[in-house]
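Nothing in this text is a laboratory measurement; each read-out follows from the coordinates by a stated rule. Predicted, not measured: the structure shown is a model, and the values here were computed from it.
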Amino acid sequence: MNICNIRFIPFPTDGEQTIVRSDCVLFCRSAGECTQVALCDGSFIEAICCLNTMEQLLEDSSFFRCHPLYLINGENVKELFVDGTSLYARTYSGNSIPVSIEYCRNVNGYLRKLIV
């Protein structure tokens, strides 16, 4: 699997690769052995790899793990908010992505990189 550069991500799809600009990707959601990739236009790409593989593919980018089932593009996070006892990240497109306690360090680490 190719490692992405900062601008484009090659997602493995049905025996080929779909290349997408990284700023067009909102989040990635686990779908078993596949990963659903949510795009800013509201569409999805079905990537033929698990979320752990996707996390490795995107490790040098603005994506970080925020939940056992989600990776999120930090560049598209508008805000973090609490609803009851749960923490969420809201994208500029209005999607609310859960942030689990065990992945709060990843969120904190990403935010620290922005401040430095």
Exercise for the section: For Cys50, list long-range residues whose amide hydrogen, built 1.01 Å from N in the peptide plane, is under 5 Å from its own amide hydrogen. Expected result: none
Exercise for the section: List the extent of the Cα atoms of the chain along each of their three principal axes, largest first, rounded to whole Å. Expected result: 42, 30, 26
Exercise for the section: Hey, can you grab everything whose amide H is under 5 Å from the amide H of Ser100? Only 5+ residues off in sequence or another chain; H modelled, so Pro and N-termini drop out. Expected result: His67
Fill in the blank from the handout: The answer for Phe11, listing residues at least 5 apart or on another chain whose modeled amide H is closer than 5 Å to its amide H, is Thr18, Ile19, Val20
